[in-house]
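First comes the structure, then the notes that go with it.
The values are calculated or read from the model by the stated rules, or taken from the named source; none is laboratory data. Model, not experiment: these values are computed from the prediction. Note that each Cβ is placed from the backbone with ideal geometry, even for glycine, and that neighbours are counted across all protein chains shown. Each accessible area value is taken on the protein alone, full model and side chains, heavy atoms only, with ligands, DNA and RNA left out. Shrake-Rupley method; radii C 1.70, N 1.55, O 1.52, S 1.80 Å.
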Amino acid sequence: MNEEPNILPSPNRLVHEPARLAILTVLSSCAAADFVFLQKITQLSKGNLSVQLTNLEQAGLVVIRKEIVDKKMRTTVSLSKRGISEIADYWKVMDEIRGQMAQEKKRRSPERVVPPVLSPEPAR
Amino acid sequence: MILGVKSDESVLRLPRGGVHDINQFMSDVRLPSVVASAEQLRGPADGETPVDHERLRYVTRILGAQQGLYTVLFGFFFLLMELGDVWEWRGEWLIRLSALAGVPIMIAAYQRWIPKYYRKRFGHVEPREISTRQFVVLLGVIVLLMFFGEPLAHRVDPMISSFSDRLHLAISDPAHQVNLWPSFFWTALLISSLRGAFRSFEWQRLCFLFCGILVFTSVVLFAMWFPDVRQSALWRVCNAGGVGLTFVALGLHDHITLARMLPKRIADGDDE
């Protein structure tokens with residue numbers, strides 16, 4: 001029997017990558033975060049974090065601000081408007097996927113078998 | 001029904017089968033896991049280890065809310081305010097000296113030392129501004145209190161006083177010597193923290209809040225069961241400085257939580 005595939009929504013692969021998703025999740029919980037905090041919380045190396053932030057900036061998801069404070073470079077990152085909507089959409093898609101997978105799992109689990117109630121034997 | 005996820009190249013189709021195939025599919029698609037262990041959190045977000053997003057948000061919120069050492073400072077400020085009651089057996093000169101020395105130290109700590117330490121140790125997070133809706137609600141509450149606060153206070157105050165009198169009589173404290181506010185405050189904190197399913201870091205906070213209730217309730221109970229304990233210095237400090245000590249304990253807990261969840265130090269110098 002041919003069955004039509006039920007296509008799940010596809011998450012944004014730019015957002016879906018774990019390192020970028022962690023960065024965007026952190027930024028969605030605050031107005032802005034500096035490079036030091038992002039590095040500590042994601043545990044990425046400086047180079048890797050720089051690369052990921054560059055990718056996100058080029059995609060228009062984050063805004064990077066650099067300033068010199070006390071003779072040290074301070075980098076602050078915040079979500080752009082597009083970034084805010086992309087991360088919100090991403091979590092909606094993931095919730096939808098989880099919901100459909102949960103429904104499919106329920107549908108495929110074996111049905112409960114209710115034992116038959118035996119009627120008493122007639123007295124002899 | 002066959003489920004599939006549209007990828008860039010083709011539609012992925014599940015093989016026919018049971019739950020095992022669905023689990024395998026979810027693993028293949030590498031959906032981000034919401035639940036991860038502490039070890040997984042400490043690992044880098046390197047594409048192989050699932051990341052606990054609830055923990056990320058939790059840590060970000062704690063740092064952004066400037067809890068931790070700021071709350072400890074707030075607690076010491078309360079203790080300073082209650083210094084007269086806390087150190088009444090030591091003499092007035094010590095109280096005045098403590099107040100004189102304490103205020104500039106606290107200002108320096110708030111403006112310079114703590115922010116500098118936090119930037120170096122944890123980095124910096126700018127908290128979200130309150131939304132328009134939250135601002136309107138806050139403004140509405142303030143306006144209501146301005147117009148209806150006084151008549152409301154006239155109505156509510158006798159009820160609260162009567163309840164307080166009865167409570168103090170129940171614990172054999174007609175003179176209102178025992179401070180009940182810390183116990184109520186910790187209980188309110190615990191109740192407000194009870195919601196839904198809990199993660200491991202939330203369980204730790206609940207245990208901490210429960211311990212706080214035990215400590216400050218025991219201050220009340222000791223005074224009830226052993227009236228002579230009211231003369232002891234330790235009891236007087238815990239009783240009179242209960243609010244300040246509460247904030248100090250809460251701040252230390254938040255700070256230790258932050259330090260545990262962001263364990264690594266990085267070298268000084270440029271941040272890139």
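Kindly tabulate the residues in the range B:106-152 with an accessible-area decrease of at least 20 Å² between the chain alone and the assembly of all protein chains, using a probe of 1.4 Å. When all protein chains are present, B:R119, B:F122, B:G123, B:H124, B:V125, B:E126, B:R128 each give up 20 Å² or more of accessible surface.
For peptide A:67-78, how many partner chain Cβ atoms fall within 10 Å of a residue's Cβ, on average? Spell out each step's value before the answer.
On the way: counts 0, 1, 1, 2, 1, 5, 4, 6, 3, 4, 0, 1.
Per-residue shielding by partner chains comes out at 2.
Computed from the Cβ-Cβ distance with R0 of 22 Å, the FRET efficiency linking B:I107 to A:K71 stands at 0.30. Subtracting the Cα-Cα distance of B:Q177 and B:F163 from 0.36 nm times their residue separation leaves 3.5 nm of extension gain.
Site pair B:L214 and B:A170 shows an inter-label distance of 2.3 nm when each label is modelled 7 Å from Cα along Cα→Cβ. Among B:92-103, A:30-41, the peptide with the highest mean count of other Cβ atoms within 10 Å heads the list, and the full ranking is A:30-41, B:92-103. Remark: the B:F135-B:F147 segment gains 2.5 nm on full extension, using 0.36 nm per residue and subtracting the alpha carbon distance.
Neighbours of A:A31 by Cβ distance under 11 Å: Lys/Arg scored +1, Asp/Glu scored -1, total -1.
Provide the packing ranking of B:181-187, B:107-113, A:43-49, B:147-153, i.e. peptides ordered by the mean count of other C-beta atoms within 10 Å per residue, highest first.
Working: B:181-187: 18.3, B:107-113: 12.6, A:43-49: 16.6, B:147-153: 10.4.
Descending mean neighbour count gives B:181-187, A:43-49, B:107-113, B:147-153.
Among the trypsin sites (Lys or Arg not before Pro) in the range B:139-200, those located in a DSSP loop and surrounded by at most 13 other Cβ atoms within 10 Å of their own Cβ are B:R195.
Given axes a ≥ b ≥ c from the Cα gyration tensor, I'd like to know whether the range B:52-194 is rounded (a/c under 1.5), prolate (a/b larger than b/c) or oblate.
Values: a/c = 1.87, a/b = 1.18, b/c = 1.58.
Because a/c hits 1.5 or more and a/b fails to exceed b/c, the range B:52-194 counts as oblate.
In terms of the mean number of neighbouring beta-carbon atoms within 10 Å, the peptides B:63-74, B:221-232, A:54-65 order highest first as B:63-74, A:54-65, B:221-232. Here each label is just a point 7 Å from Cα along the line to Cβ, and for B:W203 and B:S232 those points are 3.4 nm apart.
Rounded, prolate or oblate: which one fits the range B:126-271, using the alpha carbon gyration tensor with axes a ≥ b ≥ c (rounded when a/c is under 1.5, else prolate when a/b beats b/c, else oblate)? Oblate shape, in that a/c is at least 1.5 and b/c is the bigger or equal ratio.
Only protein atoms count toward the accessible area here, which uses a 1.4 Å probe; on the range A:21-102, the carbon and sulfur part of that area reaches 53 percent.
For the range B:127-201, what class follows from the C-alpha gyration tensor (a ≥ b ≥ c being the square roots of its eigenvalues): rounded when a/c is under 1.5, otherwise prolate if a/b is larger than b/c, else oblate? Judged from the Cα gyration tensor, the range B:127-201 comes out oblate (a/c at least 1.5, b/c at or above a/b). Here is the interface size for A with B: some 5100 Å² of accessible area buried, both sides summed, with a 1.4 Å probe.
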